């Protein structure tokens, strides 16, 4: 089992991993012919900022199982970021949240046009799957990874969660259980897949996969709770996106159902349980625990 690191600097760690992922994205998404504008939109939306949290979680989970593994699976992290960017482009479209600001810059459909944005999202999804299929791993692992990702993105995951979110918008009487199920699918499923992709690539055993599943489920829900809180308490300059949209659209959120203090306490409890799950499975938890703490302490 890998040993825990001492004097770990999370800020430096996140910056280092982010650079690795973005360098790969720059190489893969550089505009080319034909359909140059499509590639420009893909590149613009993928490289206009962002935390790269999901890609970094993929790499970190791999190293937690097999130290040094992350250096060989950067294409997996880049693939995850392509697919995540697809979800952001589509989420911002006029037919969805109709937002004009993402990561502090104009959203894809504002920068280009709605048609280009729709196609850029479609192409990024396919490019992400393409990257997953080409990583240098045994074929059975590649198949398993693709199955995990596609399940998390489809009707049982992100896309289904987005549909439920639309149905719950401006709807009274949404329960806490319904809200958690929606976010388990919309946000949590793909974040969990990001962690499991790294774990699978590194050869995690059943008990490690179970622990990392619990970890990722908890931090995914905590991430969403903090997102809901920041949407009400932060500002557009800090968040890099329009604030107050949830309230304006009368969406079901954790602060709305629980109040700020209870919602925030729930996020902290979820992260505490997430860290405990790793320790109980004897997984090197230093980096993953620090990322979990970052999720609830961030201001954007």
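The values are calculated or read from the model by the stated rules, or taken from the named source; none is laboratory data. Keep in mind it's a predicted model, so treat the numbers as computed, not measured. Virtual Cβ from ideal backbone geometry, glycine too; neighbours counted across all protein chains shown.
Using beta carbons and a limit of 8 Å, which pairs, at least six apart or on different chains, have the first residue in region 87-98 and touching a residue at least 24 places away in the same chain (Cβ under 8 Å) and on the phi < 0 side of the Ramachandran plot and the second one surrounded by fewer than 17 Cβ atoms within 10 Å (Cβ to Cβ) and assigned to a loop (DSSP other than H, G, I, E, B)? Short answer, once both residue conditions are applied: 90/96; 92/98; 92/100; 97/249. Among the residues of region 252-276, those identified as touching a helix residue (DSSP H, G or I) at 6+ places or on another chain (Cβ under 6 Å), surrounded by fewer than 20 Cβ atoms within 10 Å (Cβ to Cβ) and within 13 Å of residue 214 (Cα to Cα) are 273, 275.
On the stretch given as region 37-67, residues that are more than 16 Å from the chain's Cα centre (by Cα), surrounded by 24 or more Cβ atoms within 10 Å (Cβ to Cβ) and over 30 Å from residue 274 (Cα atoms) total 2.
The requirement of being more than 19 Å from residue 112 (Cα to Cα), exposed (fewer than 14 other Cβ atoms within 10 Å of the Cβ) and at pLDDT below 95 is fulfilled nowhere in region 14-26; no residue meets it.
Quick check, is residue 75 over 26 Å from residue 274 (Cα atoms), part of a loop (DSSP other than H, G, I, E, B) and touching a helix residue (DSSP H, G or I) at 6+ places or on another chain (Cβ under 9 Å)? No.
Among the residues of region 192-210, those identified as crowded, with 24+ Cβ neighbours inside 10 Å and under 19 Å from residue 223 (Cβ atoms) are 192, 193, 194, 195, 197, 198, 199. Taking the criterion of being more than 28 Å from residue 299 (Cα to Cα) and crowded, with 17+ Cβ neighbours inside 10 Å, the residues of region 91-116 that qualify are 112, 116.
Residues that are touching a helix residue (DSSP H, G or I) at 6+ places or on another chain (Cβ under 6 Å) and surrounded by 14 or more Cβ atoms within 10 Å (Cβ to Cβ) within region 27-36 comprise 29, 31, listed in sequence order. No other residue among 50, 55 is modelled with pLDDT under 95 and touching a helix residue (DSSP H, G or I) at 6+ places or on another chain (Cβ under 9 Å) apart from 50. Would you confirm whether any residue within region 75-90 is loosely packed, with under 15 Cβ neighbours inside 10 Å, farther than 30 Å from residue 170 by Cβ and under 20 Å from the mean Cα position of the chain (by Cα)? Scanning region 75-90 turns up no residue that is loosely packed, with under 15 Cβ neighbours inside 10 Å, farther than 30 Å from residue 170 by Cβ and under 20 Å from the mean Cα position of the chain (by Cα). Looking at residue 201, is it under 20 Å from residue 58 (Cα atoms) and at pLDDT 95 or above? Here the answer is yes, as residue 201 does meet what is asked.
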